[in-house]
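Student: What follows is a single structure, and I will ask about it in a moment.
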Amino acid sequence: MENTKSTKKMSDTTRAIRFFYLYLKKYKLQFAVIMIFIIAATWLQVIAPSLLGDAITNLSKYVGDFFTHQHADDARKALEQMAQALSQQTHQNITWQHVPEFAKSLPQAAQEQLTSQLPKGTTLQSLYTVATSHAASTGTFMKGMWQLLAVYIATGVSMLIYTLLFSRIVAHSTNRMRKGLFGKLERLTISYFDRHQDGDILARFTSDLDNIQNTLNQALVSVVSNAAVFIGVIIQIFNKDITFAWLTVAASPVAILSAVIIIRQSKKATDKQQEEVSQLNAYMDEKISGQKAIIVEGLQEDSINGFLEHNENVKKRTFAAQAWSGMIFPLMNGFQLLSIAIVIFGGTAYVLNDDSMSIATGLGLLVAFVQYVQSYYNPIMQISSNFGQLQLAITGATRLNVMFDEPEEVRPENGKKFDTIKDGIQIENLDFEYLPGKPVLKKVNIDVKKGQMVALVGPTGSGKTTVMNLMNRFYDVNGGAIKFDGTDIREFDLDSLRSNVGIVLQESVLFDGTIADNIKFGKPNATQEEIETVAKTTHIHDFIDSLPDKYETHVSDDESVFSVGQKQQISIARTILTNPELLILDEATSNVDTVTEQQIQWAMEAAIAGRTSFVIAHRLKTILNADKIVVLKDGEVIEEGNHHELVAQGGFYSELYHNQFVFE
């Protein structure tokens with residue numbers, strides 16, 4: 001079980017890396033420039049603490065020289081008096097510069113007498129050092145400070161340049177991701193949309209892409225630059241002083257182990273968070289789409305309760321993800337403070353016990369390594385705290401890549417062009433199943449001559465709409481074939497096939513735009529005369545003409561001036577305008593009143609005249625004039641013939657017909 005989980009994690013990471021490489025490989029040159037500036041900024045950040053330590057050392061020397069030189073004249077006078085006294089006693093010409101050396105040749109008692117007037121603890125050598133000291137100069141210290149200022153400015157400029165370059169890459173790459181994702185969406189099979197809720201698909205465009213964009217903008221550049229700084233700091237501190245370096249990294253094994261544990265828990269929580277967010281989006285999309293039905297049934301409270309349940313799950317998962325992610329920064333900050341304490345106490349002891357190191361040099365090292373502790377732990381903190389954001393991006397990239405891996409519609413290479421039906425349509429031994437082992441159609445055979453109107457009737461779930469889906473290659477058959485003039489439809493160019501097969505679905509759809517735009521949706525170059533002609537054919541022209549803006553009236557699927565029946569009339573007009581060779585009407589009159597049904601019936605008759613057509617209908621009176629009626633039940637053809645023949649047979653169709661007309 002553990003191996004399976006590990007394999008899945010590896011697979012997710014691999015998918016994410018493959019996804020990012022696909023969209024970022026185009027910017028190799030820009031990434032090379034970015035890496036140059038990251039390396040430059042890293043080097044500058046690494047040497048900055050060393051320069052600061054040197055500045056502190058120079059400042060200490062300046063302060064020491066300043067106070068020492070204030071007593072130079074007094075020290076020189078004291079040495080001159082000693083030289084004069086020694087010259088009188090030894091009858092030699094002794095200058096004050098030679099007093100310390102000459103005094104070494106004197107007996108111990110004479111040396112003590114010579115220094116008896118000096119302050120306690122003062123030796124002749126220290127007195128000579130003070131006497132020969134030079135005036136304190138700030139030159140070296142100020143040079144170091146100017147270097148430090150130049151390093152800080154150069155660091156800021158380098159970081160600004162690579163950040164701007166990276167932001168440009170992110171803007172372009174995420175734009176390409178969005179276009180690629182939508183393009184993929186348009187090439188997916190209908191089965192994908194049947195298997196996924198709209199909210200889940202939408203979440204990939206919003207939540208997942210936003211997470212990727214935010215991560216690339218904020219987290220990734222931070223991780224790369226901090227990783228470079230981390231490596232640079234390790235190299236620098238061991239070159240600077242090995243003892244101080246080991247003190248700096250003393251607590252890091254425990255810190256890194258703690259970070260790994262927290263990161264693993266954060267990853268699990270983040271994955272669950274994204275799953276819950278996706279489910280919440282899907283739930284909201286479903287309820288918003290069905291809000292009218294919810295209000296009609298008085299189920300608002302149930303809808304709210306369902307939302308609260310999903311929202312509570314999101315809250316719990318989000319809290320868990322944020323809690324684990326939020327532990328990183330304070331924990332690493334604690335380890336940083338612990339390491340500073342180790343460096344201060346251990347470093348102080350090391351400096352005081354090393355006779356070869358001056359206090360000024362030791363102080364400079366101590367200050368430098370306190371800075372290095374911060375430079376050492378800051379990348380760990382930044383990388384760890386950004387991991388939650390990185391995980392969101394990995395999860396998002398994985399979800400997007402799963403979508404990109406979905407099979408697309410099969411398009412034959414050099415497919416045949418389909419532009420007309422010369423003889424007819426043959427459906428031969430048709431087998432189909434949406435789910436393995438659950439057949440929907442079984443050995444269906446239907447023969448249709450050119451220009452015939454064929455009606456498919458039968459109870460719900462008998463496979464009527466499935467036949468329509470297969471004829472337009474929304475799905476491909478599992479067995480058998482559908483042929484136009486003896487040619488399997490899978491051999492036709494898919495665009496050519498669909499441009500000549502018109503479908504009026506049961507659920508009509510209006511797109512955002514004008515009424516004219518909606519009618520000419522399938523034929524953008526249609527003239528106004530053509531638009532009005534098909535509107536008159538479907539008996540919707542008079543209503544449109546009564547509107548203030550007529551055909552330029554703005555409509556959408558959610559906000560329109562049309563009733564359900566009128567939207568269906570627009571849908572039929574849209575299909576008729578494309579002048580398809582084969583017309584399929586799927587329950588075209590199921591959602592309209594009797595008057596509108598009659599108008600649509602006239603429109604259907606006008607559209608069907610002289611054209612090969614399939615009609616699915618529950619209301620049998622709309623297909624009484626069909627050339628052939630095929631009765632389906634449980635995925636099989638049980639009856640076939642025209643209306644009069646089937647009624648005369650007294651079978652399933654006859655019973656269905658008489659039952660309907662009793663109620664009407």
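Student: What's the number of the condition LEU308 fails, among (1) surrounded by 13 or more Cβ atoms within 10 Å (Cβ to Cβ); (2) over 30 Å from SER384 (Cβ atoms)?
Tutor: Every condition holds for LEU308 apart from (1).
Student: Let me ask another. For region 433-462, which residues satisfy the criterion of being at positive phi and more than 44 Å from the chain's Cα centre (by Cα)?
Tutor: Those that are at positive phi and more than 44 Å from the chain's Cα centre (by Cα): LYS443, GLY451, GLY458.
Student: Residues that are buried (at least 19 other Cβ atoms within 10 Å of the Cβ), at least 2 per element: which helices (runs of 4 or more DSSP H) completely within region 160-233 meet that?
Tutor: Helices (runs of 4 or more DSSP H) meeting the threshold: 198-203, 209-214.
Student: So, one more: Return the only residue of GLN265, GLN336 being closer than 20 Å to ILE394 by Cβ and either outside the structural domain of ASP194 (by the TED database) or in contact (Cβ under 8 Å) with a residue 40 or more places away in the chain (or both).
Tutor: GLN265
Student: Another question, if that's okay. Take the conditions at pLDDT below 75, among the acidic types (Asp, Glu), farther than 30 Å from ALA150 by Cβ and more than 60 Å from the chain's Cα centre (by Cα) and apply them to ASP74. Does it pass?
Tutor: yes
Student: Which condition number in (1) open to solvent by 30 Å² or more (accessible area, probe 1.4 Å); (2) over 43 Å from the mean Cα position of the chain (by Cα) is the one that PRO412 fails?
Tutor: Single failed check for PRO412: (2).
Student: Of all residues in region 514-529 being outside any helix (DSSP H, G or I) and surrounded by fewer than 14 Cβ atoms within 10 Å (Cβ to Cβ), which is farthest from the chain's Cα centre (by Cα)?
Tutor: THR527
Student: Determine, yes or no, whether ALA573 is among the aliphatic types (A, V, I, L, M), at pLDDT below 70 and either buried (at least 22 other Cβ atoms within 10 Å of the Cβ) or within 25 Å of SER462 (Cβ to Cβ) (or both).
Tutor: Considered against the rule, which asks whether it is among the aliphatic types (A, V, I, L, M), at pLDDT below 70 and either buried (at least 22 other Cβ atoms within 10 Å of the Cβ) or within 25 Å of SER462 (Cβ to Cβ) (or both), ALA573 comes out as no.
Student: If only one of LEU247, LEU257 is outside any loop (DSSP other than H, G, I, E, B), out of contact with any Phe, Trp or Tyr (no Cβ under 6 Å at 6 or more places or on another chain) and either open to solvent by less than 20 Å² (accessible area, probe 1.4 Å) or under 30 Å from THR361 (Cβ atoms) (or both), which one is it?
Tutor: It is LEU247.
Yes/no matrix, rows are residues, columns are (1) in the same structural domain as VAL440 (by the TED database); (2) at pLDDT below 85; (3) surrounded by 15 or more Cβ atoms within 10 Å (Cβ to Cβ):
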site: TYR475; (1), (2), (3): yes, no, yes
site: ASN478; (1), (2), (3): yes, no, yes
site: ASP485; (1), (2), (3): yes, no, no
site: PHE492; (1), (2), (3): yes, no, yes
site: PHE511; (1), (2), (3): yes, yes, no
site: ILE531; (1), (2), (3): yes, no, yes
site: LEU547; (1), (2), (3): yes, no, no
site: LYS550; (1), (2), (3): yes, no, no
site: LEU577; (1), (2), (3): yes, no, yes
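Student: Go through the residues of region 373-392 one by one and say whether even a single one is assigned by the TED database to the domain that holds VAL221, free of Cβ contacts under 8 Å to residues at least 60 places away in the same chain and under 30 Å from LEU185 (Cβ atoms).
Tutor: no
The values are calculated or read from the model by the stated rules, or taken from the named source; none is laboratory data. All values derive from a computational prediction rather than experimental measurement. With ideal geometry, Cβ positions are generated from the backbone for all residues, glycine too; neighbour counts draw on all protein chains shown. Ligands, DNA and RNA are excluded from the accessible area calculation, which covers all protein heavy atoms including side chains. Shrake-Rupley method; radii C 1.70, N 1.55, O 1.52, S 1.80 Å.
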